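Presented below is the structure to which this report refers.
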Amino acid sequence: MQQSRWKQAGKGLLNNIKMSIPILLGVLLLIGLVNTLVHKEFFARIFTGNRALDPLIGAIFGSIAAGNPMTSYVIGGELLKNGISLVAVLAFIVSWVTVGSVQLLAESMSLGKKFALLLNGIALLMAVVIAVLTVLISGIFG
Amino acid sequence: MKNVLMRIGANWLFMIAVVLLYFILGLWNFQAVIASLETFLGLLKRILPILVLVFALIYLSNLFLNPKVVSRYLGEGTKRRGGLSPSSPVFFPPAQYTFGILC
């Protein structure tokens, strides 16, 4: 019984690795391409430095993307290196984890359309709020 | 054709598409491919130790968290409901895994 529990957990981990490794490697390869081919000015054109607009753009990008949360940390780190503001990167990471436009269909089938839309809509707005609050609070303590 | 694509899975298709992108770029600008691969390897080296830790934590969460345990903390009659939400940090796997637990 106990052994089957360990085995079950191992099976779950193996499934998780099978699902996340190709996405993670693909994203890392893409970051390599983007870093080489796309100039920093391109990011500066999308993220204009506007305190209200930048986190919203970050949150929208994060909500479109899907996959294991750790992928978002890697991308977030690279965005920071490219001069994107912390608040936009935070909104991107939070919405990556909490908003799932890609899995919206599965979510609405399991939990109901209205619930899924409300959940994702509120999560998108909250991603912006959390990002702003995190930067404000870290500014107070840092 | 559709069956083959379904069997490969969207995750692997994504990676294959990126590798193809490298091939196409290589025909046109080989130096850019080398530079991109260098960035890729640098990133991989940086996140590999973290990845091992993350997978160890996923194993532990698989070991101790299952739909039964979660429903014990979220179900009717529990004193502190909502403490374990799908977005809480103890859930590492992608969000779609959580729908099954909630239903």
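Quick note: the coordinates plus some simple rules give every number you see, no bench work behind them. Just so it is clear, the structure is predicted and the values come from calculations on it, not from any experiment. Note that we place each Cβ from the backbone using ideal geometry, even for glycine, and neighbour counts take in every protein chain shown.
Give, in nm to one decimal, the length gained when the segment between B:Ala17 and B:Leu41 is fully stretched (0.36 nm per residue of separation minus the Cα-Cα distance). Can you show the working numbers first?
Values: separation 24, 0.36 × 24 = 8.64 nm, distance 1.86 nm.
Contour length minus the Cα-Cα distance gives 6.8 nm.
7 Å from Cα along Cα→Cβ at both B:Leu25 and B:Leu5: what's the point-to-point distance in nm?
With each label placed 7 Å out from Cα toward Cβ, I get 2.4 nm.
Residue separation times 0.36 nm, minus the C-alpha to C-alpha distance between A:Asn50 and A:Lys7: what's the value?
Full extension of this stretch gives 10.4 nm more.
Over the Cα atoms of region A:14-142, how large are the radius of gyration and the largest Cα-Cα distance (Dmax), in Å?
Using the Cα atoms of region A:14-142, the pair Rg, Dmax is 15.5, 44 Å.
Which one of A:Leu124, A:Leu13, A:Trp96 is farthest out on the positive end of the charge dipole of chain A, using unit charges on Cβ (Lys, Arg +1; Asp, Glu -1) and the Cα centre as origin?
It is A:Leu13.
Provide the per-residue ³J(HN,Hα) series for region A:103-119, in order, calculated from phi with Karplus coefficients 6.51, -1.76, 1.60 and θ = phi - 60°, each as a whole number of Hz, with x at glycine and proline positions.
9, 4, 5, 5, 5, 5, 6, 7, 10, x, 5, 4, 4, 5, 5, 4, 4
Would you mind putting A:117-130, B:34-47 in packing order, based on average other-beta-carbon counts within 10 Å, highest first? Mind showing how you got there, number by number?
Details: A:117-130: 17.3, B:34-47: 15.8.
So the peptides A:117-130, B:34-47, ranked by packing, come out A:117-130, B:34-47.
Give me the extension gain from A:Tyr73 to A:Val34: residue separation times 0.36 nm, minus the current Cα-Cα distance, reported in nm with one decimal.
Using 0.36 nm per residue and subtracting the Cα-Cα distance, I get 12.4 nm.
Just report the Cα centroid separation between region A:92-138 and region A:11-89, whole Å.
Each part's Cα centre sits 16 Å from the other's.
Placing +1 at every Lys and Arg Cβ and -1 at every Asp and Glu Cβ, with all other atoms neutral, what dipole size does region A:1-138 have around its Cα centre, in debye to the nearest 20?
Result for region A:1-138 is approximately 400 debye, rounded to the nearest 20.
Please give me, ordered by residue number, the trypsin sites (Lys or Arg not before Pro) of region A:30-81 that lie in loop per DSSP and have at most 14 other Cβ atoms within 10 Å.
When the trypsin sites (Lys or Arg not before Pro) of region A:30-81 are filtered for loop state and at most 14 Cβ neighbours within 10 Å, A:Arg51 remain.
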